[in-house]
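Engineer: Below is one structure. I have some questions about it.
The values are calculated or read from the model by the stated rules, or taken from the named source; none is laboratory data. The shown structure was predicted, so the numbers you read here are calculated from the model rather than taken from an experiment. Positions of Cβ are generated from backbone atoms using ideal geometry, with glycine treated the same way; all protein chains shown enter the neighbour counts. Each accessible area value is taken on the protein alone, full model and side chains, heavy atoms only, with ligands, DNA and RNA left out. Shrake-Rupley method; radii C 1.70, N 1.55, O 1.52, S 1.80 Å.
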Amino acid sequence: MTVSVRRATDADFDAVMRHDERGFGNSHTPGWVEGMRRLFDMDRFLLGEVDGELAGIAGSVPFPMGVPGGQVDVEGVTWVSVLPTHRRRGVLRALMHAQLRGFAESGVTVAALMASQSGIYGRFGYGAATECRDVRIECRAATFRPEVPDPGGVRMVEADEPGIREVQRRWAAATPAGVLRHDVVWDLFDADPPEIRGGGSILFRLLHADGYASYRMDHARRTLVVRDFFAVTDEAHVALWRVLLGNDLVEGVETAECPLGDPLPFLLTDPRQVRTTRLRDGVWARLLDPAAALAARRYAVDVDLVLDIHDPVLPGPTRVHLTGGPDGATCAPTTDQPDASLGSSALGALYLGGQRAAPLARARLIEASPQVVRHIDAAFPADRSPVHGTDF
Ligand SMILES: CC(C)(COP(=O)(O)OP(=O)(O)OC[C@H]1O[C@@H](n2cnc3c(N)ncnc32)[C@H](O)[C@@H]1OP(=O)(O)O)[C@@H](O)C(=O)NCCC(=O)NCCS
């Protein structure tokens, strides 16, 4: 079967919408379609055709994403699907290879995606860089430690409060993997049509000078479901959680916005009350230009490493010399002897500071001495657990 790949034009928009419904087995509302029309640049969509018929699509949406100590412009790969009638015949492979070549040619530094299934994207050089967990907290058993402050300062606001998007901007710049939410996505959430409420109430919004949270009440389950949680400071974090957990009308609070390493369990007398109900991979990162990407972030301690990077799709290998520390970094091609050898997928996994090198080395995904692995693990982790905050 021959797959030909071409770039979409605006004239393909309706076909892409229909394809996505068929690929994922879902249905789009008119409001959603109009939102996508505003959000998507069709030039960023590739179409895989078989015998002249559309068989698969792969798109991307650009946005700034936080990295440890900085922010980079990433291409967020999205709307990837192949028709149920054309699967396992290489359509995705043709699309992914063409997309990665296109990214490299147009100077993209980092691509990122969220995977419906975790076995797909490693072969294309993406690495699972963050872990997300859903948690449930039983309100009556969740007591704050007596010395935890109660800073207050939280107001209930409406969607048009200008401070909401400003707080999200600051949060995204300060949080590794934090996605700067596009205005179109805000508008779609703010419209809050009944079909996205999952049986819950309308959305309620809490704003603090340095934080924002939104939630619904699911009265049938006596549960408060957190939709957004963006705390720029620790004070905002505790202030918002005190309001969420203090709601009298529910038995439990649920959120998918509690990264591993979040301080919440340690604010409570009984940390086990923050019960993980699901753990999954979050953002998959893929460095197109490793030297530029590694120089764009900062490191917890001084770092000096020569890395051999093996790319499964793009020509290589790439050997780079990374030097830097907490105040900045430089990274450039070199012919020096490498300290570590790793694939693009392992490098992507390490990039946002949420994974450690030691288990990757034990799984033979990084070849390096124990001393070098310890050096990577001292330098790469982020102060804050990476979390994206907006699906893409
Ligand atoms: C996932 C999907 C895009 C794969 O498309 P496809 O055209 O069947 O994939 P290909 O035939 O090009 O396969 C390429 C490689 O990926 C592997 N692969 C494909 N789907 C896979 C899956 N679900 N899990 C693990 N590996 C998978 C293939 O075995 C092949 O491996 P190889 O390189 O070792 O030969 C397609 O099944 C689909 O549209 N699924 C529903 C929507 C979806 O989940 N999209 C992904 C959103 S993140």
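Engineer: What pairs come up if the first residue lies in segment 22-34 and is in contact (Cβ under 8 Å) with a residue 60 or more places away in the chain, the second is more than 9 Å from the ligand (Cβ to nearest atom) and of a type in the set (D, E, K, R), and their beta carbons are under 7 Å apart, counting only those six or more places apart or on different chains?
Structural biologist: That search, which allows pairs on different chains as well, returns THR29/GLU195.
Engineer: Further, regarding this structure: If I filter segment 54-77 for residues that are in a helix (DSSP H, G or I), under 30 Å from THR175 (Cβ atoms) and open to solvent by 10 Å² or more (accessible area, probe 1.4 Å), do I get at least one hit?
Structural biologist: No, segment 54-77 contains no residue that is in a helix (DSSP H, G or I), under 30 Å from THR175 (Cβ atoms) and open to solvent by 10 Å² or more (accessible area, probe 1.4 Å).
Engineer: Further question on the same structure: Being more than 8 Å from the ligand (Cβ to nearest atom) and either basic (Lys, Arg) or within 30 Å of ASP302 (Cα to Cα) (or both), is that true of even one residue in segment 112-120?
Structural biologist: Yes: segment 112-120 contains one or more residues that are more than 8 Å from the ligand (Cβ to nearest atom) and either basic (Lys, Arg) or within 30 Å of ASP302 (Cα to Cα) (or both).
Engineer: Which of the residues that make up segment 146-175 are at pLDDT 95 or above, assigned to a loop (DSSP other than H, G, I, E, B) and more than 17 Å from TRP241 (Cα to Cα)?
Structural biologist: Hits for segment 146-175 are GLU158, ALA159, ASP160, GLU161, THR175.
Engineer: Could you figure out which of (1) under 23 Å from the mean Cα position of the chain (by Cα); (2) away from the ligand (no atom under 12 Å from the Cβ); (3) within 30 Å of LEU224 (Cβ to Cβ) isn't true of GLU147?
Structural biologist: For GLU147, the failing item is (1).
Engineer: Has segment 196-216 got at least one residue that is open to solvent by 10 Å² or more (accessible area, probe 1.4 Å), out of contact with any Asp or Glu (no Cβ under 6 Å at 6 or more places or on another chain), under 20 Å from PHE392 (Cβ atoms) and at pLDDT 95 or above?
Structural biologist: no
Engineer: Let me ask something additional. Considering each residue of segment 78-105, count those that are within 21 Å of the chain's Cα centre (by Cα), within 14 Å of the ligand (Cβ to nearest atom) and assigned to a helix (DSSP H, G or I), and give that number.
Structural biologist: Residues in segment 78-105 being within 21 Å of the chain's Cα centre (by Cα), within 14 Å of the ligand (Cβ to nearest atom) and assigned to a helix (DSSP H, G or I): 3 in total.
Engineer: Which of the following residues is under 24 Å from the mean Cα position of the chain (by Cα), surrounded by 18 or more Cβ atoms within 10 Å (Cβ to Cβ), in the same structural domain as VAL148 (by TED's automatic domain parsing) and among the acidic types (Asp, Glu): GLU166, GLU254?
Structural biologist: Answer to the check: GLU254.
Engineer: Among the residues of segment 119-145, write down those that are part of a loop (DSSP other than H, G, I, E, B) and either open to solvent by 50 Å² or more (accessible area, probe 1.4 Å) or not aliphatic (A, V, I, L, M) (or both).
Structural biologist: GLY119, TYR121, GLY125, TYR126, THR130, THR143, ARG145
Engineer: Look through segment 367-389, keep the residues that are of a type in the set (S, T, N, Q) and in contact with a strand residue (DSSP E or B) (Cβ under 9 Å, 6 or more places away or on another chain), and return whichever of them is nearest to ALA174 (Cα to Cα).
Structural biologist: This residue is SER385.
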